[in-house]
Amino acid sequence: MFNDIGPLEVVTLVVLAVLVFGPDKLPKVIQDITRTIRKIREFSESAKQDIRSELGPEFKDFEFEDLNPKTFIRKQLDNDELGLKEIRNGFDLKKEMAEVTDAVHGREAESSSSSDSSGSSGASGGRVDMTKKAEEPGKDDRPPFDADAT
């Protein structure tokens, strides 16, 4: 619940509590707060039990945590009825990104370099030149006119 509170924040809260409530009343305030939290937890658990009993036996597996969309999606994706684990395990993101990077930089991938060098007879090896070349505009060429830009 409070996973993002660091030690500095905890020390600040303790010092602030001592300053606000005083060292004499602080233990009583802490007891009141813990008692209130305990009552809220008991109330929520009894409400959950009441809802489960009202839903009936067909919802005996119902968990309130499943109402969280992240938990629901994670639970559905972990279910292997669709074969998603095979797809997820068969996809190598690093390999795919390396192939894309090699294609962008004009390098050949290791697997395609051996097949291209033995089977290609062209000078460029069937590769597309993706480098930008500056073209000299002709004297009669005008830059494109954009009517919406004016």
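The values are calculated or read from the model by the stated rules, or taken from the named source; none is laboratory data. The structure displayed is predicted, hence computed values, not measured ones. Ideal geometry is used to build each Cβ from the backbone, glycine not excepted, and the neighbour counts take in all protein chains shown. Side chains included, ligands, DNA and RNA excluded: accessible areas come from the protein's heavy atoms. Shrake-Rupley method; radii C 1.70, N 1.55, O 1.52, S 1.80 Å.
Neighbours of L55, meaning other residues whose beta-carbon lies under 11 angstrom from its beta-carbon, give a summed charge of -1 when Lys and Arg score +1 and Asp and Glu score -1.
Stretch F145-T36 to full length: gain in nm at 0.36 nm per residue minus the Cα-Cα span?
Values: separation 109, 0.36 × 109 = 39.24 nm, distance 7.09 nm.
The span from F145 to T36 would gain 32.2 nm if fully extended.
Across the protein chains, with a 1.4 Å probe defining accessible surface, the residues E99, E58 rank E58, E99 from largest area downward. Derived value for region 24-76: Kirkwood hydrodynamic radius 13.7 Å. Basis is the mean of 1/r over every pair of different alpha-carbon atoms.
Taking the Cα centre of region 1-72 as the origin, how large is its charge dipole in debye, to the nearest 20, when only Lys and Arg (+1) and Asp and Glu (-1) carry charge on their Cβ atoms?
Here the size comes out at about 400 debye.
A simple spin-label model places the labels of Q76 and L16 4.0 nm from each other, with each point 7 Å out along Cα-to-Cβ.
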